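Participant: Before I ask anything, let me first share the structure, which is written out below as structure tokens.
The values are calculated or read from the model by the stated rules, or taken from the named source; none is laboratory data. Since this is a predicted model, take the numbers as computed values, not measurements. Because the Cβ atoms are built from the backbone with ideal geometry, glycine has one as well, and the counts that use them run over all protein chains shown. Only protein heavy atoms, including side chains, enter the accessible area calculation; ligands, DNA and RNA are left aside. Shrake-Rupley method; radii C 1.70, N 1.55, O 1.52, S 1.80 Å.
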Amino acid sequence: MPMPPRRFPSPSLCRTLSRPLSRRLPGTLACLALCLFLCLSSLPVHAAQPATAGTVCLLLESLTPDKGWHDQLRAGLARAEKDFGITARVVAAPADSDQQAIFREEAARSDLVLVADDSLHEVLRNNAGNFRKVHFGCIDTGVRAANIMSVTFADEQAAFLAGAAAAMLTVSDSRGMNPQKTLGWLSGKETGPIVTMLNGFLEGARLIDPEIRIVHRSLDSFEDTQRAQAGCRELLAEGADIVVLAAGSAGLAALDVLAGQQALAIGMAEDQDRLRPGQVLTSILKQGDRAVYEIVSSHVRGNFRGGEIVTYTLADKGVGITDFRSFAAGEGNKLPPRLASRLTELRRELERQAIRLPSLRQGTLCNCR
């Protein structure tokens, strides 16, 4: 049986194989690199994702919509949930409940817990050390510890501008001068942030007119609408024609009282000018949603700023006031001629610290590193 013909390597392959290994290696590596490139280029491309954040809980004293502070915090958490893929929960821890038990339960089942109400700040201070592997966000005051990142606000600066604007309006002839030179302030509770803003408001008003008087009522509740309306009537009876509503969801009910007396409101935390166009002079802004988002982002991206207290100011637009457009659009509403220019001057002085205002918050509730 004839043998099959022997097949010899082609002359070109023979020449290649006869070369020393040192001469063949570069070409071989180039071929391997080309194959690897072609294989990798055929794989689907996925955008880089941040590390898994797990569960984030926002603890609030109340879940009642307030079109202000609490709604703003929830909006910041919703944005973070969308952007980072976290599992977000909003849990009620009312002031009259066992807040410590609720806090501990949520800390035990969460990777990050956020608190932004006065009574919960103290609970955080007393319990964070028992959950050293959990991150905590403290919003609106400072608690200094290795597993807590705090964001607070120089909101006295914004309140100062609102006070100056209110004083210029109440002593001007643009709406009819208030001969009693009286402004009102309606608080839900006497918390450190609210007292700080009240002081800033008073300082701004008295810079315009030292004879301005501020009358104040505290409701001891951010949800009691009947007490809010009664308190608002008392302020009006004492001569106030502009009232700051720092009373949460209860403050919304006071708008009806102010409308009936043709008095004006100043909103709080969120832009509330559009709630009653022409009746809300301006709003004192503080970016709670930004604070929530920044803390969650820091946690997710692995650069959690534990032990740090971040302060939002006028200069970084973390606090401010609205621009009076909604008010001025109301029938018969006119602004004093120099209001805009005077507020611009005052803003610049605050930003360069030519005007210094005290914070009546506790700078830090503890130093528990």
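Participant: If you average the C-alpha positions of region 318-353 and of region 233-305 separately, how far apart do those two centres end up, in angstrom?
Facilitator: Measuring centre to centre over Cα atoms gives 16 Å.
Participant: Counting only residues 5 or more places away or on other chains, whose amide H sits under 5 Å from the amide H of VAL244 once H atoms are built in the peptide plane?
Facilitator: It is GLY184, TRP185, LEU186, ILE266, by chain and number.
Participant: What's log10 of I(q)/I(0) for region 253-301 at q = 0.21 Å⁻¹, Debye sum over Cα points only, no solvent?
Facilitator: Scattering profile of region 253-301, log10 relative to I(0): -0.70.
Participant: Still on this structure, I have one more. How much length, in nm to one decimal, is gained on full extension between LEU360 and VAL91, taken as 0.36 nm per residue of separation minus their Cα-Cα distance? Show your work: numbers first, answer last.
Facilitator: On the way: separation 269, 0.36 × 269 = 96.84 nm, distance 2.83 nm.
That pair, LEU360 and VAL91, stretches by 94.0 nm at full extension.
Participant: Something else: Which whole-Hz couplings ³J(HN,Hα) result when phi for each residue of region 67-74 is put into the Karplus expression 6.51 cos²θ - 1.76 cosθ + 1.60, θ = phi - 60°, listed in order with x for Gly and Pro?
Facilitator: Residue by residue, region 67-74 yields 6, x, 4, 5, 5, 5, 4, 5 Hz.
Participant: Solvent-accessible area of GLU349, probe 1.4 Å, all protein chains present, reported in Å² to the nearest ten, please.
Facilitator: Roll a 1.4 Å probe over it and GLU349 shows about 60 Å².
Participant: Can I ask one more? Starting from the residue with the highest accessible area, list PHE136, PHE304 in decreasing order, probe 1.4 Å.
Facilitator: PHE304, PHE136
Participant: Please compute the modelled spin-label separation between GLN262 and THR64, points set 7 Å along Cα→Cβ, answer in nm with one decimal.
Facilitator: Distance between the two pseudo-spin positions: 3.1 nm.
Participant: Follow-up question, since we're still on this one. With a point put 7 Å past each Cα toward its Cβ, work out how far ASP83 is from GLU345 in nm, to one decimal.
Facilitator: Output for this residue pair reads 3.9 nm.
Participant: How long are the semi-axes of the equivalent ellipsoid of region 200-242, taking √(5λ) for every eigenvalue λ of the Cα gyration tensor, in whole Å from largest down? It would help to have the intermediate numbers written out before the result.
Facilitator: Numbers: eigenvalues 115, 29, 8 Å².
Ellipsoid half-lengths, sorted descending, are 24, 12, 6 Å.
Participant: Would you mind checking which residues have amide H under 5 Å from ILE321's amide H? H placed 1.01 Å from N; only 5 or more apart, or other chain.
Facilitator: LEU285
Participant: Based on the alpha-carbon set only, what is the convex hull volume of region 167-261 divided per residue, in Å³?
Facilitator: Details: hull volume 7.7 nm³, N = 95.
Measuring per residue, one finds 81 Å³ for the Cα hull of region 167-261.
Participant: Toward the positive end of the charge dipole of region 117-206, about the Cα centre and with charges on Cβ (Lys, Arg +1; Asp, Glu -1), which of VAL171, PRO193, ASN130 goes farthest?
Facilitator: Result: ASN130, furthest along the dipole toward the positive end.
Participant: Along region 127-136, what does the Karplus equation 6.51 cos²θ - 1.76 cosθ + 1.60 (θ = phi - 60°) give for ³J(HN,Hα), rounded to whole Hz, x for Gly and Pro?
Facilitator: Values per residue, Gly and Pro as x: 10, 4, x, 7, 10, 5, 8, 9, 8, 10 Hz.
Participant: Using a 1.4 Å probe and counting only protein heavy atoms, arrange LEU124, LEU63, LEU285 so the residue with the most accessible area comes first. Spell out each step's value before the answer.
Facilitator: Numbers: LEU124 0, LEU63 80, LEU285 45 Å².
Descending accessible area places them as LEU63, LEU285, LEU124.
Participant: Where in region 197-215 does the amide nitrogen come within less than 17 Å of the point 7 Å from the Cα of THR311, taken along Cα to Cβ?
Facilitator: 197-201
Participant: At 1.4 Å probe size, with no ligands or nucleic acids counted, give the accessible surface of THR344 in Å², nearest ten.
Facilitator: In the full protein context, THR344 sits at about 60 Å².
Participant: By accessible area of protein heavy atoms, probe 1.4 Å, what ranking do MET149, MET177 get, highest first? Don't skip to the end; give the middle numbers.
Facilitator: Working: MET149 0, MET177 100 Å².
So, going from the largest accessible area down, we get MET177, MET149.
Participant: If you don't mind, there's one more thing I want to ask. Hey, what's the Kirkwood Rh for region 94-240 if you take every pair of different alpha carbons, in angstrom?
Facilitator: Numbers: mean 1/r = 0.0571 Å⁻¹.
One decimal place: 17.5 Å for the Kirkwood radius.
Participant: Which three semi-axes in whole Å describe the equivalent ellipsoid of region 288-369, each the square root of 5 times a Cα gyration tensor eigenvalue, listed largest first? If you can, show how the numbers build up before the last one.
Facilitator: On the way: eigenvalues 243, 65, 25 Å².
Calculated on Cα positions only, the semi-axes equal 35, 18, 11 Å.
Participant: Right, another one. Full-extension gain between ASP98 and ARG233, please, as 0.36 nm times their residue separation minus the C-alpha to C-alpha distance.
Facilitator: Result: 45.2 nm gained on full extension.
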